[in-house]
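**Q** Following this message is one structure expressed as structure tokens.
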């Protein structure tokens with residue numbers, strides 16, 4: 001169908017479309033007049049999802065942040081929060097609410113506090129503002145003051161419950177970890193006692209570096225034996241007196257070519273050489289003595305290493321058992337340290353006032369009701385009426401098709417169109433008036449007797 005055919009259908013059914021539009025508009029106005037107005041007030045908090053916890057240093061990020069936000073939204077509309085609000089604003093002592101509760105259905109088995117809390121939950125909405133970590137709490141009430149009061153009470157109850165829940169959870173965890181720390185300490189004490197008894201029974205002592213005393217002594221001797229051979233006596237040719245003696249011999253040989261043996265210079269040089277020869281011989285003797293002492297020391301060190309090694313090998317089984325006992329002690333000590341640290345951490349959380357939720361400004365008393373919103377209802381009712389009218393017109397045309405133009409005839413009859421005959425023009429108003437008067441006069445003449 002073309003747009004012209006649709007327009008012809010709408011024009012032919014214009015009264016129906018107008019009636020549907022007017023009916024929807026009038027119905028919307030009646031609903032707005034009958035139903036009481038509703039007011040909305042919003043209170044906001046900021047979730048510190050990117051701020052590290054002051055005790056644990058943990059940061060909520062990634063998928064955990066989305067889960068955390070969803071949990072907070074659901075918590076606001078939970079009975080644990082709504083019940084506190086019902087207590088704070090005095091709903092449980094409201095006579096009208098009590099009468100309404102007493103006239104409830106027989107199948108409703110809830111107590112009065114749960115019933116009143118459900119009224120608050122039904123009128124509460126919470127959402128995270130787009131591209132922010134601000135959580136908005138909105139409450140709808142019959143009066144603006146009530147909406148503001150309940151919105152602020154919801155925010156306060158939500159923060160108080162979050163703090164209470166966090167402290168109770170931390171306290172339970174601290175108690176559990178403290179109990180585990182006590183068990184770990186008992187196991188550590190038992191392991192230390194077992195190790196001490198084994199050391200006394202076998203005459204072994206475990207050093208601080210997790211080695212028994214014999215193994216530590218062997219390690220020290222082995223290190224010393226590796227250094228001692230590098231300490232050797234200096235060579236006699238390398239002594240200072242021997243070096244100076246060689247230089248003096250070369251000088252005497254050179255001067256003896258020009259000077260006689262009785263020359264004072266030659267006599268003085270030969271006397272100096274004799275003294276240097278005695279000194280060089282003494283240095284060579286000292287070097288040989290030192291080399292002998294060093295050789296004797298290395299031999300004694302090697303013998304001590306061999307003896308310590310034999311002792312360690314003889315007690316290898318006992319040392320292995322002692323090493324296992326020491327490892328058990330270290331394991332129990334590490335377990336005790338970790339559980340004690342976690343218990344202390346949770347005890348700090350149990351007394352901390354940090355909830356990760358920062359309250360923002362209080363709710364503002366609304367100036368205009370959220371319902372009825374005439375700026376939304378009037379255009380919406382008109383659009384709905386037009387839509388319903390057009391839909392009904394199309395359905396009526398579908399079940400009662402008519403020919404309203406050339407296009408309708410061409411689509412209905414498979415035959416060529418030869419001509420279009422214009423409809424006869426209707427007489428004007430003046431002509432219709434004259435025609436009706438003439439008919440009345442002719443009727444009167446017929447009633448006159450001949």
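**Q** Could I have the simple spin-label model distance between residue 145 and residue 194, label points 7 Å from Cα toward Cβ, reported in nm to one decimal?
**A** 7.5 nm
**Q** Mind checking the full-extension length gain between residue 182 and residue 270? Use 0.36 nm per residue of separation minus the Cα-Cα distance, one decimal, nm.
**A** 22.7 nm
**Q** If R₀ is 45 angstrom, what is the calculated FRET efficiency for the pair residue 128 and residue 98, using the beta carbon separation as r and rounding to 0.05?
**A** That pair, residue 128 with residue 98, gives E of 0.80.
**Q** Right, another one. Among 42, 368, which comes first, second and so on when ranked by fewest other beta-carbon atoms within 10 Å?
**A** 368, 42
**Q** If each of residue 2 and residue 420 carries a label point 7 Å out from its Cα toward its Cβ, how far apart are those two points in nm?
**A** 0.9 nm
**Q** Let me ask something additional. Calculate the FRET efficiency for residue 65 and residue 401 from the Cβ-Cβ distance with a Förster distance of 41 Å, rounded to the nearest 0.05.
**A** 0.10
All of the numbers you see were taken from the coordinates with simple rules; none came from a lab. Just so it is clear, the structure is predicted and the values come from calculations on it, not from any experiment. Positions of Cβ are backbone-derived with ideal geometry, glycine not excepted, and every protein chain shown enters the neighbour counts.
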